[in-house]
Amino acid sequence: MFFEIPDRLTPGQPYPLGASYDGSGVNFAVFSANAERVELCMFDPAGRKELARLSLPDCTDEVWHGYLPEAGPGLLYGYRAYGPYEPQRGFRFNHHKLLLDPYARQLSGPLRWTDALFGYRIGSSRGDLSFDRRDSAQAMPKAVVVEDLFNWGDDRRPHVPWSKTVIYEAHVRGISMLRSDLRADLRGTFTALANPRFIEHLHKLGITTVELMPVQAFLQDHFLLQRGLRNYWGYSPLSFFAPEPGYLSGGGLNDMRLAVRRLHAAGIEVILDVVYNHTGSGSELGPTICFRGLDNASYFRLVPGNERYYIDETGCGNTLNISHPRVLQLVLDSLRYWADSFHIDGFRFDLGATLGREGTGFDPGAGFFDAILQDPVLSRLKLISEPWDVGLGGYQLGNHPPRFAEWNDKYRDCVRQFWRGDSGQRPELARRLSGSADMFDRRHRKPWASVNFVTSHDGFTLQDLVSYAQKHNEANGEDNNDGHNENYSANWGAEGPTDDPAVRTLRDRVKRAMLATLLLAQGTPMLLAGDEFGRTQHGNNNAYCQDNDISWVDWTAARTPEGQALISYVGRLAALRHTFTALQSNAFLHGQEIAPGVKDIAWFDEQGQALSEEAWPNPEARALAVQRASVSAKGELELVLMCINGGPEAIRFSLPSSQATWHLLLDSAEPQAEVRVVGEPAIEVQGRSVVVLANREAKGVS
């Protein structure tokens, strides 16, 4: 854009924070409690030449602000903050370093690693106590003034009930980089998410909700680039408001909006995996990019009495100080921006336990939770926490407040161990199939609060879970020392790919059994993208740095007969869940009688007898039948029976004698089998398989 830059800014307003275009000019506002002066720096359209520096003329309530007449969308800018450089006291101001606006809506240009990015002199004997006077502007991305204009038309959030939600975890880039049916320039972008073929695939699977791994602009870590790798997952945030530039194609920010609109039109929700527990700038030895240079002592949690150092409860070198009201405001403003400007349906909070930390540790009544739960916009969205961090007392599964769901790694580990054949898992499996009531049935929470998963981005894929007994992370360049060591996996006779038909058949059977356990348990199921057709990462269980075909979803596998069969099977499981209310997650089931002689949930052994207290602890028992029941609004009784055989040999299950005629709905050992009447009071269940039956009154059975 072209306009005459004045000699000085007018005072403007302290609200809203960020750069706000009003049709006549742009208001700039940025928080810093400890700065002595803040300058606005403007750049040419290429971001290479600094055109002017103007001081923000006023500071109100610790917000520096100024107004630039005639400026508008497209202007590139950054800040410089003046103040003391006293790391021992937590102050790291260095006006030689160009700083990103924490509220930047769009970024222009990459971050280029150079020693000038650091506030201290690299190589100095005084380390970060030294001071670097080199200008970092040439190495820094620039913030872009934007105008949020998009025709949402009649867009409506699908508002899928939690009890009917089926989540699909996907990576924006990885889900489409190997899509040969897309133009090359669209692969790896938001535009690919709106492709009709992808939406059709989600419908086949019965997916209601897509959970996208981080889409907020993120840092390419220097240590990875030095090894020829890249930050693929994106858990190293650079900006909390701007989408990752590499995920945008020709339409800019509206690419993402259009993708959300089309997914909504198809009835599919969009959840974002967001990272507010730390920034990508690392420890005190990291670069000065944004918060460190604006007000280090306010934005980060520092060690009391030794403020040179950061409290690191994230394992990433720093922890954002969410307890500070302006930092909490930043997070809430960011969440509302994604919800309002992009119509996002919910959020999954990375290391959510960190966000709930107060001075005394994790607190379900922390300010972060309270602020969200009272917010008229955010409180109505889907909210999911990763309920742990690496700090003291950091494992908080089941301890989050109502309205939040939580990733349940106990479900993941139990299901893996049970189907691997580990002993003593039957009682634990029953708890996990019941929505993990032992952890979540408090404060009027619902079973959907347990987000159940067998695999996620962090760890093995489903195919690798049955193909590798050990991790194989050599490509990460860390001597295979990264990633989880205990994956509760098994290779079933050969490490990695094999042509042995017996091994392949067994692997496929175990995969189908685990998928049945996932989709038919109480709680909210989450499927990892590509697991529905056998995606592999070749044994890498920590592919955070693999922006290549190790991590990208290979859709050729989906077109094979085996891939098509598994996709159909997953869709069939999801259809069962969507059809039968007894398989959904409206309420915890505790064996209450809902009809004469019928309990809402009942557990049986292979003899069709109710499991006694003495029988449950049998460490070698791997057979289990669970019957769930519900009564419709019309008074119709619905019974669904799952017969689970975790052992290697076939078992004949006697069906509960008091029930009516049963229909076989699904046999994971024979996934192509049609629905049929079971003509006798027993059924054979193959080894490492699940059989699902329903009574004749159940809706959807003919």
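The values are calculated or read from the model by the stated rules, or taken from the named source; none is laboratory data. All values reported here derive from a predicted model rather than from experimental measurement. Here the Cβ is made from the backbone with ideal geometry for all residues, glycine too, and neighbour counts use every protein chain on show. Accessible surface is based on the protein model in full, side chains and every heavy atom, while ligands, DNA and RNA are left aside. Shrake-Rupley method; radii C 1.70, N 1.55, O 1.52, S 1.80 Å.
Residue-wise, which Karplus ³J(HN,Hα) couplings in Hz belong to the range 669-675, taking 6.51 cos²θ - 1.76 cosθ + 1.60, θ = phi - 60°, and x for glycine or proline?
6, 10, x, 8, 4, 7, 5
Work out the FRET efficiency for residue 265 and residue 185 from their Cβ-Cβ distance, taking R0 = 22 Å, and round it to the nearest 0.05.
Details: r = 24 Å, r/R0 = 1.08.
With R0 = 22 Å, the Cβ-Cβ based efficiency is 0.40.
Please name whichever of 104, 279, 644 sits farthest to the positive end of the charge dipole of the chain, dipole taken about the Cα centre and charges placed at Cβ: Lys and Arg +1, Asp and Glu -1.
104
At each listed q (0.25, 0.28, 0.32 Å⁻¹), what is the log10 of I(q)/I(0) that the Debye formula gives for the range 578-622 modelled as equal alpha-carbon point scatterers?
With one equal scatterer per Cα and no solvent, log10 I(q)/I(0) is -1.00, -1.06, -1.14.
Taking amide H positions as placed 1.01 Å from N in the peptide plane, with prolines and chain starts having none, which residues 5 or more places from residue 550, or on another chain, fall under 5 Å of its amide H?
Answer set, sorted by chain and number: none.
Using Cα-Cα distances under 8 Å and only pairs 6 or more residues apart, what relative contact order does the range 90-223 have, in percent? Write down the numbers at each step before the final one.
On the way: 145 pairs, mean separation 29.5, N = 134.
The value is 22 percent.
What ³J(HN,Hα) values, in whole Hz, does the Karplus curve 6.51 cos²θ - 1.76 cosθ + 1.60 give for the range 213-229 when θ = phi - 60°, with x put for Gly and Pro?
4, x, 10, 5, 3, 10, 8, 8, 4, 4, 5, 6, 4, 5, 9, x, 10
Go through the range 159-166 residue by residue and turn each phi into a ³J(HN,Hα) via Karplus (6.51, -1.76, 1.60, θ = phi - 60°); whole Hz please, and just put x for glycine and proline.
6, 5, x, 4, 5, 10, 7, 10
If every alpha-carbon in the range 604-695 counts as one equal scatterer, what log10 I(q)/I(0) does Debye give at q = 0.15 1/Å?
Computed log10 I(q)/I(0) values: -0.57.
Label-point separation (nm) for residue 155 and residue 442, each offset 7 Å from Cα along Cα-to-Cβ?
That separation, rounded to one decimal, is 3.9 nm.
For the pair residue 55 and residue 505, how long in nm is the line joining their label points, each one 7 Å along Cα→Cβ?
8.2
What is the sum of charges around residue 89, taking Lys and Arg as +1, Asp and Glu as -1, for the other residues whose C-beta is under 10 Å from the C-beta of residue 89? Could you put the intermediate results ahead of the total?
Numbers: positive: 92, 308; negative: 86, 307.
Once positives and negatives cancel, what remains is 0.
Output the antiparallel fraction of DSSP beta bridges having both residues in the chain, as a percent to the nearest 5. The partial results should precede the final answer.
Details: 75 of 103 bridges.
Around 75 percent of the beta bridges assigned by DSSP in the chain are antiparallel ones.
Check residue 382: other-chain or 5+ apart residues with amide H under 5 Å from its amide H, H built from backbone geometry?
Residues meeting the amide H criterion: 346, 347.
So how much slack lies between residue 680 and residue 390, counting 0.36 nm per residue of separation and subtracting their Cα-Cα distance, in nm? Working shown, then result.
On the way: separation 290, 0.36 × 290 = 104.40 nm, distance 5.38 nm.
Gain on extension, residue 680 to residue 390, equals 99.0 nm.
For the range 58-159, which whole percent of the accessible surface, found with a 1.4 angstrom probe, sits on carbon and sulfur atoms? Walk me through the numbers before you get to the answer.
Details: 1960 of 4270 Å².
Here carbon and sulfur together make up 46 percent of the probe-accessible area.
By the gyration tensor of its Cα atoms, with a ≥ b ≥ c the square roots of the eigenvalues, what is the shape of the range 69-186: rounded for a/c under 1.5, prolate for a/b over b/c, or oblate? Write out the running numbers ahead of the final one.
Values: a/c = 2.18, a/b = 1.91, b/c = 1.14.
Prolate.
Quick one: plug the Kirkwood hydrodynamic radius of the range 180-222 (C-alpha pairs) into Stokes-Einstein at 25 °C, 0.890 mPa s, and report D in µm²/s. Walk me through the numbers on the way to the answer.
Values: Rh = 12.4 Å.
Rounded to a whole number, D works out at 197 µm²/s.
At 0.36 nm per residue, minus the direct Cα-Cα distance, what do residue 225 and residue 309 gain on full extension? Give it in nm, one decimal, please.
On the way: separation 84, 0.36 × 84 = 30.24 nm, distance 2.56 nm.
Using 0.36 nm per residue and subtracting the Cα-Cα distance, I get 27.7 nm.
Given a 1.4 angstrom probe, I'd like the percentage of the accessible area of the range 472-563 that is carbon and sulfur, rounded to a whole number. Don't skip to the end; give the middle numbers.
Working: 1690 of 3470 Å².
Solvent-exposed carbon and sulfur of the range 472-563 make up 49 percent of the total.
About its Cα centre, how strong a charge dipole does the chain have in debye, to the nearest 20, once Lys and Arg get +1 and Asp and Glu get -1 at the Cβ? Numbers along the way, then the final one.
Numbers: 70 positive and 86 negative charges, 144 e Å.
It works out to roughly 700 debye.
For residue 672 and residue 24, what is the calculated FRET efficiency with R₀ set at 45 Å and r taken between the beta-carbons, to the nearest 0.05?
The pair residue 672/residue 24 has a calculated efficiency of 0.10.
Amide H of residue 86: which non-local residues (sequence gap of 5 or more, or other chain) have their own amide H closer than 5 Å, using H built in the peptide plane?
Long-range HN contacts for residue 86: 91, 92, 93.
Size of the dipole of the range 242-287 about the Cα centre, Lys and Arg at +1 and Asp and Glu at -1 on the beta carbon, nothing else charged, in debye to 20?
Details: 3 positive and 5 negative charges, 59 e Å.
Charge dipole of the range 242-287: 280 debye, to the nearest 20.
How many percent of all Cα-Cα pairs in the chain sit more than 46 Å apart? Please report the intermediate quantities before stating the final value.
Numbers: 58611 of 246051 pairs.
Counting every Cα pair in the chain, those more than 46 Å apart make up 24 percent.
Name the shape class, rounded, prolate or oblate, that the alpha-carbon gyration tensor gives for the range 313-401, where a ≥ b ≥ c are the square roots of its eigenvalues, rounded holds for a/c under 1.5, and otherwise prolate holds if a/b is larger than b/c and oblate otherwise. Provide the component values of the computation, followed by the final result.
Working: a/c = 1.73, a/b = 1.57, b/c = 1.10.
Since a/c reaches 1.5 and a/b is larger than b/c, the shape of the range 313-401 is classed as prolate.
Rank 158, 331, 655 by how far each Cα sits towards the positive end of the charge dipole of the chain (+1 on Lys, Arg Cβ; -1 on Asp, Glu Cβ) and give me just the farthest.
158
Would you calculate the separation in nanometres between label points at residue 485 and residue 562, each defined as 7 Å from the Cα along the Cα-to-beta-carbon direction?
Calculated label separation equals 3.2 nm.
Provide the FRET efficiency to the nearest 0.05 for the residue 633-residue 360 pair, computing r from the beta carbons and using R0 = 51 Å. Please report the intermediate quantities before stating the final value.
Values: r = 47 Å, r/R0 = 0.92.
It comes out at approximately 0.60.
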